[in-house]
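The values are calculated or read from the model by the stated rules, or taken from the named source; none is laboratory data. Here the structure is a predicted model, which is why all the values come from computation and not from measurement. No Cβ is skipped: glycine too gets one built from the backbone with ideal geometry, and neighbour counts run over all protein chains shown. All accessible areas refer to the heavy atoms of the entire protein, side chains included, with ligands and DNA or RNA removed. Shrake-Rupley method; radii C 1.70, N 1.55, O 1.52, S 1.80 Å.
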Amino acid sequence: MLDKFYDALLAAKHAVCFTGAGVSTLSGIKDFRSPDGVYSKPWQGYNVEDILSLSFFRRDPSIFYAWARDFCYCLDRFEPNIVHKTLAELQKRGILKSLITQNIDLLHTRAGSPDVIEVHGSPAKHHCLKCHKVTLYDEIAPIVMRGEVPKCSCGGVIKPDIIFYEEQLIPDDLNRAFDEAQKSDLFIVLGSSLTVQPAASLPLAALQRGAKICIVNAQPTMLDNFCSWKFNDLKEVFESISHKLEQKTDDSSI
Ligand SMILES: [Zn+2]
(Lines give C-alpha, C1' and ligand atoms only; values in the text may rest on other atoms or scores of the structure.)
Protein backbone atom coordinates (compact mmCIF):
# COMPACT_ATOMS: atom_id res chain seq x y z
CA MET A 1 0.00 0.00 0.00
CA LEU A 2 2.60 2.51 1.09
CA ASP A 3 4.89 1.59 -1.81
CA LYS A 4 2.09 2.26 -4.27
CA PHE A 5 1.38 5.63 -2.66
CA TYR A 6 5.05 6.55 -2.82
CA ASP A 7 5.18 5.64 -6.52
CA ALA A 8 2.05 7.74 -7.12
CA LEU A 9 3.67 10.65 -5.28
CA LEU A 10 6.78 10.48 -7.47
CA ALA A 11 4.65 10.14 -10.62
CA ALA A 12 2.22 12.96 -9.76
CA LYS A 13 2.37 16.07 -11.92
CA HIS A 14 0.88 18.35 -9.29
CA ALA A 15 0.92 16.87 -5.80
CA VAL A 16 -0.63 19.10 -3.14
CA CYS A 17 -0.62 18.52 0.61
CA PHE A 18 -2.96 19.84 3.28
CA THR A 19 -1.96 19.57 6.96
CA GLY A 20 -4.04 19.83 10.12
CA ALA A 21 -3.55 19.66 13.85
CA GLY A 22 -2.49 16.00 13.86
CA VAL A 23 0.81 16.98 12.24
CA SER A 24 1.57 19.40 15.09
CA THR A 25 0.53 17.05 17.90
CA LEU A 26 3.46 14.85 16.82
CA SER A 27 5.65 17.79 17.92
CA GLY A 28 3.85 17.97 21.26
CA ILE A 29 1.55 20.89 20.38
CA LYS A 30 -1.93 20.51 21.77
CA ASP A 31 -4.86 20.31 19.40
CA PHE A 32 -6.97 23.00 21.03
CA ARG A 33 -9.82 22.97 18.55
CA SER A 34 -10.59 19.26 18.57
CA PRO A 35 -13.72 18.16 20.44
CA ASP A 36 -11.70 16.19 23.00
CA GLY A 37 -8.71 18.57 23.06
CA VAL A 38 -7.45 19.97 26.34
CA TYR A 39 -8.76 23.42 25.46
CA SER A 40 -12.27 22.17 24.82
CA LYS A 41 -12.74 22.72 28.54
CA PRO A 42 -13.28 26.29 29.76
CA TRP A 43 -10.13 28.23 30.63
CA GLN A 44 -10.45 30.19 33.90
CA GLY A 45 -14.20 30.25 33.35
CA TYR A 46 -14.04 31.39 29.72
CA ASN A 47 -14.94 29.32 26.65
CA VAL A 48 -12.02 29.00 24.28
CA GLU A 49 -14.29 29.96 21.36
CA ASP A 50 -14.99 33.24 23.18
CA ILE A 51 -11.32 33.87 23.95
CA LEU A 52 -10.60 33.34 20.25
CA SER A 53 -13.38 35.57 18.96
CA LEU A 54 -12.74 39.05 17.63
CA SER A 55 -15.35 40.96 19.64
CA PHE A 56 -14.14 39.39 22.89
CA PHE A 57 -10.54 40.21 21.96
CA ARG A 58 -11.40 43.83 21.21
CA ARG A 59 -13.11 44.17 24.60
CA ASP A 60 -10.22 42.71 26.58
CA PRO A 61 -7.12 41.39 24.78
CA SER A 62 -5.45 40.50 28.11
CA ILE A 63 -7.49 37.29 28.39
CA PHE A 64 -6.44 36.06 24.96
CA TYR A 65 -2.79 36.88 25.65
CA ALA A 66 -2.87 35.18 29.06
CA TRP A 67 -4.43 32.08 27.50
CA ALA A 68 -2.15 32.07 24.44
CA ARG A 69 1.06 32.22 26.50
CA ASP A 70 1.10 28.48 26.95
CA PHE A 71 0.97 27.48 23.33
CA CYS A 72 1.19 30.36 20.91
CA TYR A 73 4.09 32.43 22.28
CA CYS A 74 6.47 29.70 23.38
CA LEU A 75 6.77 28.01 19.98
CA ASP A 76 10.54 27.72 20.34
CA ARG A 77 9.84 24.94 22.85
CA PHE A 78 8.57 22.78 20.00
CA GLU A 79 10.56 21.35 17.12
CA PRO A 80 9.46 20.44 13.59
CA ASN A 81 8.96 16.67 13.34
CA ILE A 82 9.59 14.10 10.62
CA VAL A 83 6.40 15.11 8.76
CA HIS A 84 7.34 18.82 8.61
CA LYS A 85 10.91 18.01 7.59
CA THR A 86 9.99 15.45 4.93
CA LEU A 87 7.36 17.76 3.41
CA ALA A 88 9.96 20.55 3.20
CA GLU A 89 12.33 18.15 1.44
CA LEU A 90 9.60 17.03 -0.97
CA GLN A 91 8.87 20.68 -1.79
CA LYS A 92 12.55 21.50 -2.36
CA ARG A 93 12.87 18.53 -4.72
CA GLY A 94 9.80 19.68 -6.66
CA ILE A 95 7.89 16.49 -5.85
CA LEU A 96 5.34 18.38 -3.77
CA LYS A 97 4.07 21.43 -5.63
CA SER A 98 2.10 23.07 -2.89
CA LEU A 99 1.66 22.94 0.88
CA ILE A 100 -1.50 24.20 2.58
CA THR A 101 -1.92 24.22 6.36
CA GLN A 102 -4.49 25.24 8.91
CA ASN A 103 -1.87 25.13 11.67
CA ILE A 104 -0.69 28.37 13.22
CA ASP A 105 2.53 27.16 14.84
CA LEU A 106 5.02 28.15 12.08
CA LEU A 107 6.58 24.68 12.19
CA HIS A 108 6.43 24.14 8.40
CA THR A 109 8.40 27.33 7.86
CA ARG A 110 10.88 26.41 10.58
CA ALA A 111 11.34 22.99 8.93
CA GLY A 112 12.46 24.81 5.78
CA SER A 113 9.32 24.75 3.64
CA PRO A 114 9.90 27.38 0.97
CA ASP A 115 6.20 28.31 0.66
CA VAL A 116 3.22 27.58 2.89
CA ILE A 117 -0.38 28.65 2.31
CA GLU A 118 -1.65 29.30 5.84
CA VAL A 119 -5.44 29.32 5.60
CA HIS A 120 -5.97 30.09 9.31
CA GLY A 121 -3.37 32.84 9.27
CA SER A 122 -0.13 32.95 11.21
CA PRO A 123 1.29 34.64 14.29
CA ALA A 124 4.47 35.48 12.34
CA LYS A 125 3.04 38.96 11.96
CA HIS A 126 0.84 41.04 14.25
CA HIS A 127 -1.16 44.14 13.38
CA CYS A 128 -2.20 47.15 15.39
CA LEU A 129 -6.01 47.30 15.22
CA LYS A 130 -5.85 51.12 15.15
CA CYS A 131 -2.96 52.21 12.89
CA HIS A 132 -2.30 48.78 11.22
CA LYS A 133 1.42 48.89 11.98
CA VAL A 134 3.04 45.44 11.61
CA THR A 135 5.05 43.89 14.45
CA LEU A 136 6.85 40.55 14.14
CA TYR A 137 6.36 37.50 16.35
CA ASP A 138 9.87 37.64 17.82
CA GLU A 139 9.19 41.10 19.19
CA ILE A 140 5.77 40.23 20.62
CA ALA A 141 6.51 36.81 22.16
CA PRO A 142 8.79 38.01 25.03
CA ILE A 143 6.23 40.67 26.00
CA VAL A 144 3.43 38.11 26.17
CA MET A 145 5.63 35.64 28.04
CA ARG A 146 6.29 38.34 30.68
CA GLY A 147 2.53 38.43 31.22
CA GLU A 148 2.03 41.80 29.53
CA VAL A 149 -0.35 42.79 26.73
CA PRO A 150 1.56 44.09 23.69
CA LYS A 151 0.53 47.66 22.86
CA CYS A 152 1.31 49.72 19.79
CA SER A 153 3.13 53.07 20.12
CA CYS A 154 -0.15 54.69 18.98
CA GLY A 155 -1.91 53.13 21.97
CA GLY A 156 -3.84 50.63 19.84
CA VAL A 157 -4.27 46.95 20.62
CA ILE A 158 -1.97 44.56 18.77
CA LYS A 159 -3.54 41.40 17.35
CA PRO A 160 -1.81 38.35 15.85
CA ASP A 161 -2.62 37.66 12.18
CA ILE A 162 -4.27 34.37 13.08
CA ILE A 163 -7.88 34.08 12.02
CA PHE A 164 -10.19 34.55 14.99
CA TYR A 165 -13.80 33.44 15.19
CA GLU A 166 -16.05 36.11 13.59
CA GLU A 167 -13.26 36.88 11.12
CA GLN A 168 -13.24 35.95 7.44
CA LEU A 169 -10.45 33.81 6.09
CA ILE A 170 -8.06 35.83 3.92
CA PRO A 171 -9.51 35.65 0.37
CA ASP A 172 -6.09 35.56 -1.33
CA ASP A 173 -4.92 32.60 0.74
CA LEU A 174 -8.20 30.79 0.36
CA ASN A 175 -8.25 31.32 -3.42
CA ARG A 176 -4.70 30.09 -3.73
CA ALA A 177 -5.56 26.98 -1.70
CA PHE A 178 -8.57 26.19 -3.91
CA ASP A 179 -6.59 26.87 -7.11
CA GLU A 180 -3.95 24.42 -5.96
CA ALA A 181 -6.55 21.81 -4.97
CA GLN A 182 -8.20 22.09 -8.38
CA LYS A 183 -4.85 21.83 -10.19
CA SER A 184 -3.77 18.78 -8.21
CA ASP A 185 -3.74 15.23 -9.52
CA LEU A 186 -2.76 13.92 -6.06
CA PHE A 187 -4.14 15.57 -2.94
CA ILE A 188 -2.72 14.46 0.41
CA VAL A 189 -4.54 15.12 3.70
CA LEU A 190 -2.39 14.82 6.81
CA GLY A 191 -3.58 14.93 10.41
CA SER A 192 -7.01 16.38 9.77
CA SER A 193 -10.41 14.82 10.36
CA LEU A 194 -11.80 17.25 7.75
CA THR A 195 -14.50 18.55 10.07
CA VAL A 196 -13.88 22.30 9.80
CA GLN A 197 -13.93 24.47 6.69
CA PRO A 198 -12.11 24.94 4.43
CA ALA A 199 -10.41 21.64 5.35
CA ALA A 200 -13.34 19.58 4.13
CA SER A 201 -13.86 21.43 0.86
CA LEU A 202 -10.26 21.35 -0.39
CA PRO A 203 -9.95 17.59 -0.99
CA LEU A 204 -13.51 17.60 -2.36
CA ALA A 205 -12.51 20.24 -4.91
CA ALA A 206 -9.53 18.07 -5.87
CA LEU A 207 -11.67 14.94 -6.06
CA GLN A 208 -14.19 16.64 -8.34
CA ARG A 209 -11.36 17.41 -10.78
CA GLY A 210 -10.31 13.76 -10.80
CA ALA A 211 -7.39 13.90 -8.37
CA LYS A 212 -6.45 10.86 -6.31
CA ILE A 213 -6.74 11.39 -2.56
CA CYS A 214 -4.48 10.06 0.18
CA ILE A 215 -5.49 10.53 3.81
CA VAL A 216 -3.21 9.94 6.77
CA ASN A 217 -5.19 10.45 9.95
CA ALA A 218 -5.69 8.47 13.13
CA GLN A 219 -9.45 9.01 13.11
CA PRO A 220 -11.91 8.26 10.33
CA THR A 221 -12.87 11.09 7.98
CA MET A 222 -15.92 11.65 5.79
CA LEU A 223 -13.79 11.11 2.69
CA ASP A 224 -12.36 7.72 3.69
CA ASN A 225 -14.64 5.95 1.19
CA PHE A 226 -13.48 8.17 -1.65
CA CYS A 227 -9.73 8.09 -1.14
CA SER A 228 -7.23 5.87 -2.92
CA TRP A 229 -5.08 5.47 0.18
CA LYS A 230 -5.88 5.73 3.88
CA PHE A 231 -3.20 5.33 6.52
CA ASN A 232 -3.54 5.89 10.27
CA ASP A 233 -0.02 6.51 11.50
CA LEU A 234 1.62 9.75 10.33
CA LYS A 235 4.97 8.99 11.93
CA GLU A 236 5.21 5.53 10.38
CA VAL A 237 4.25 6.78 6.90
CA PHE A 238 6.70 9.67 6.97
CA GLU A 239 9.59 7.69 8.39
CA SER A 240 9.12 5.38 5.44
CA ILE A 241 8.90 8.21 2.88
CA SER A 242 11.92 9.93 4.41
CA HIS A 243 13.88 6.68 4.18
CA LYS A 244 12.88 6.17 0.54
CA LEU A 245 13.92 9.73 -0.29
CA GLU A 246 17.35 9.15 1.24
CA GLN A 247 17.73 5.95 -0.79
CA LYS A 248 16.72 7.85 -3.91
CA THR A 249 19.45 10.41 -3.27
CA ASP A 250 22.01 7.62 -2.78
CA ASP A 251 20.92 5.89 -6.01
CA SER A 252 21.12 9.05 -8.09
CA SER A 253 24.56 10.00 -6.77
CA ILE A 254 26.15 6.73 -7.96
ZN1 LIG B 1 -0.89 51.49 16.22
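Please return the longest range in the chain lying between exposed loop sites, taking GluC sites (Glu not before Pro), DSSP loop only, at most 15 other beta-carbon atoms within 10 Å, and leaving the sites out.
That gives 1-147 as the longest site-free run.
Whole Å is fine, so just give me how far the alpha carbon centre of region 196-213 lies from that of region 1-20.
About 15 Å separates the Cα centre of region 196-213 from the one of region 1-20.
Picking from Y73, Y65, Y165, which is most flexible by a Gaussian network model of the chain using Cα springs under 10 Å?
Y165
If you plug each phi of region 173-189 into the Karplus form 6.51 cos²θ - 1.76 cosθ + 1.60 with θ = phi - 60°, what whole-Hz ³J(HN,Hα) values come out, in order, with x for Gly and Pro?
With the stated coefficients, region 173-189 comes to 5, 5, 4, 4, 4, 5, 4, 5, 4, 6, 7, 6, 10, 9, 10, 10, 9 Hz.
So what's the back-of-envelope 222 nm ellipticity for the chain, counting only DSSP H runs of four-plus at -39500 (n - 2.57) apiece and dividing by all residues, rounded to 500?
Computed ellipticity for the chain at 222 nm equals -11000 deg cm²/dmol.
Remind me, relative contact order of the chain in percent, using alpha carbon pairs under 8 angstrom and six or more residues apart?
Here the relative contact order equals 22 percent.
Return the subset of K41/K151; K30/K151; K30/K230; K85/K183; K92/K244 for which the Cα-Cα distance in this structure is over 20 Å, preserving the input order.
K41/K151; K30/K151; K30/K230; K85/K183
Give me the three principal axis extents of the chain from the C-alpha atoms, as integers in angstrom, largest value leading.
59, 40, 31
Give the cross-link partners of K133 among the aspartates and glutamates, using a straight C-alpha distance below 17 Å as the criterion and excluding same-chain residues fewer than 8 apart.
Correct list for K133: D161.
Sort H127, H132 by heavy-atom solvent-accessible area, probe 1.4 angstrom, most to least.
H132, H127
With the chain treated as a Gaussian network of Cα nodes joined by springs under 10 Å, which of D185, D31, D70 yields the largest mean-square fluctuation?
D70
What accessible surface, in Å², does a 1.4 Å probe find on V83, ignoring ligands, DNA and RNA and rounding to the nearest 10?
Estimated to the nearest 10 Å², V83 gives 0 Å².
Counting only DSSP beta bridges with both residues in region 110-217, what percent are antiparallel, rounded to the nearest 5?
Among the beta bridges of region 110-217, antiparallel pairing accounts for roughly 65 percent.
If you take every DSSP beta bridge fully contained in region 13-139, what fraction is antiparallel? Give it as a percent rounded to 5.
Of the beta bridges lying entirely in region 13-139, close to 35 percent run antiparallel.
Using the Karplus curve 6.51 cos²θ - 1.76 cosθ + 1.60 with θ = phi - 60°, what ³J(HN,Hα) values do you get for each residue of region 190-199, in whole Hz, with x for Gly and Pro?
Once θ is set to phi - 60°, the couplings for region 190-199 become 10, x, 9, 8, 6, 9, 9, 8, x, 3 Hz.
Sort M222, M145, M1 from largest to smallest accessible area, using a 1.4 Å probe on the heavy atoms of the protein chains.
M1, M222, M145
Over the chain, with the other protein chains present, what is the accessible area per residue in square angstrom, probe 1.4 angstrom?
On a per-residue basis, the chain sits at 49 Å².
Under the Karplus relation 6.51 cos²θ - 1.76 cosθ + 1.60, θ = phi - 60°, what is the ordered set of whole-Hz ³J(HN,Hα) values for region 205-220, x standing for Gly and Pro?
Residue by residue, region 205-220 yields 4, 5, 4, 5, 8, x, 6, 7, 10, 10, 10, 10, 7, 5, 9, x Hz.
Let me check something: with ligands and nucleic acids excluded, how do K97, K159 order by accessible area (1.4 Å probe), largest to smallest?
Solvent-accessible surface, decreasing: K97, K159.
Among K230, K130, K85, which one shows the biggest mean-square fluctuation in a GNM of the chain, springs joining Cα atoms closer than 10 Å?
K130
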